[in-house]
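Trainee: Handing you this structure, nothing more for now.
All of the numbers you see were taken from the coordinates with simple rules; none came from a lab. Keep in mind it's a predicted model, so treat the numbers as computed, not measured. Here the Cβ positions follow ideal geometry from the backbone for every residue, glycine too, while neighbour counts run over all protein chains shown.
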Amino acid sequence: MDELMKELIDVADRTKNNARQNHYAAFLVAILTALSSVIATILAAVGGKNEWAAIFAAVPVTMIAINSTFRFEKKSAWHWRKNKKIEALIRSLKYEDAKPDAVSKQFSQIEVEMDEEWVQFGSPGKTEE
């Protein structure tokens, strides 16, 4: 049981970390998109150098392309869903006297189910929400 618990804790920690990283990436993309749009607008309004206005105007389109390809927020949500399922297994082992073999089977089932839901790069994912 100790090995199963350690494996579950490792997966839970990894999914939590991946969820946070994807969320932060999505947030950064959103901030850069908005900020660069505002800067481009200000530069165009005050007659700043056209080169800089063009560069800042190109950033939002680039950020949208990056977000459409990497799908950070959807991947964050996927990792959080997996994390909650794994943490439920940890609690069942820790507090509910669940049998390790039953938890192991549930863990394997979760792995298969979550793989089917994985959000791929630049695609709607294997299954839509």
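Trainee: If you place +1 on the Cβ of every Lys and Arg, -1 on the Cβ of every Asp and Glu, and leave all else neutral, what size is the dipole of the chain about its Cα centre, to the nearest 20 Debye?
Mentor: Dipole size: approximately 420 debye.
Trainee: Counting other beta carbons within 10 Å of each Cβ, put Tyr95, Tyr24 in order, fewest first.
Mentor: Placing the least packed residue first, the sequence is Tyr95, Tyr24.
Trainee: Using Cα atoms only, what is the angle between the long axis of helix 50-70 and the major principal axis of the chain, expressed in degrees (0 to 90) to the nearest 10?
Mentor: Between helix and principal axis, roughly 20 degrees.
Trainee: Sort Arg81, Arg20, Arg71 by Cβ crowding within 10 Å, fewest neighbours at the top.
Mentor: Exposure proxy ranking, most exposed first: Arg20, Arg81, Arg71.
Trainee: Right, something else. How much net charge surrounds Ser108 when only other residues with a Cβ under 15 Å from its Cβ are counted (Lys, Arg +1; Asp, Glu -1)?
Mentor: It works out to a net charge of -3.
Trainee: Just need the relative contact order of the chain here, percent rounded to a whole number, with Cα pairs under 8 Å and 6+ apart.
Mentor: 31 percent
Trainee: May I ask you to sort Phe121, Phe72, Phe107 by Cβ crowding, counting other Cβ atoms within 10 Å and putting the fewest first?
Mentor: If I rank by nearby Cβ atoms, fewest first, I get Phe121, Phe107, Phe72.
Trainee: Go ahead and estimate [θ] at 222 nm for the chain from helices alone: -39,500 (n - 2.57) per DSSP H run with n ≥ 4, summed, over the residue count, rounded to 500.
Mentor: Estimated from H runs of four or more residues: -29500 deg cm²/dmol.
Trainee: Straight distance only, please: which aspartates and glutamates reach the Cα of Lys74 with their own Cα at less than 13 Å, same-chain residues fewer than 8 apart left out?
Mentor: Within reach: Glu117, Glu128, Glu129.
Trainee: Which one, [x] 0.93; [y] 1.23; [z] 1.06, gives Rg/Rh (Cα atoms, Kirkwood Rh) as derived from the coordinates shown?
Mentor: So the structure-derived entry is [y].
Trainee: Next question, about the same structure. Using only alpha carbon pairs under 8 Å that are at least six residues apart, calculate the relative contact order of segment 56-129 and give it in whole percent.
Mentor: Dividing the mean separation by the residue count of segment 56-129 yields 36 percent.
Trainee: Compare the Cα positions of Leu43, Ala57, Ala102 along the charge dipole of the chain (+1 at Cβ of Lys, Arg; -1 at Cβ of Asp, Glu; about the Cα centre) and return the one farthest towards the positive end.
Mentor: Leu43
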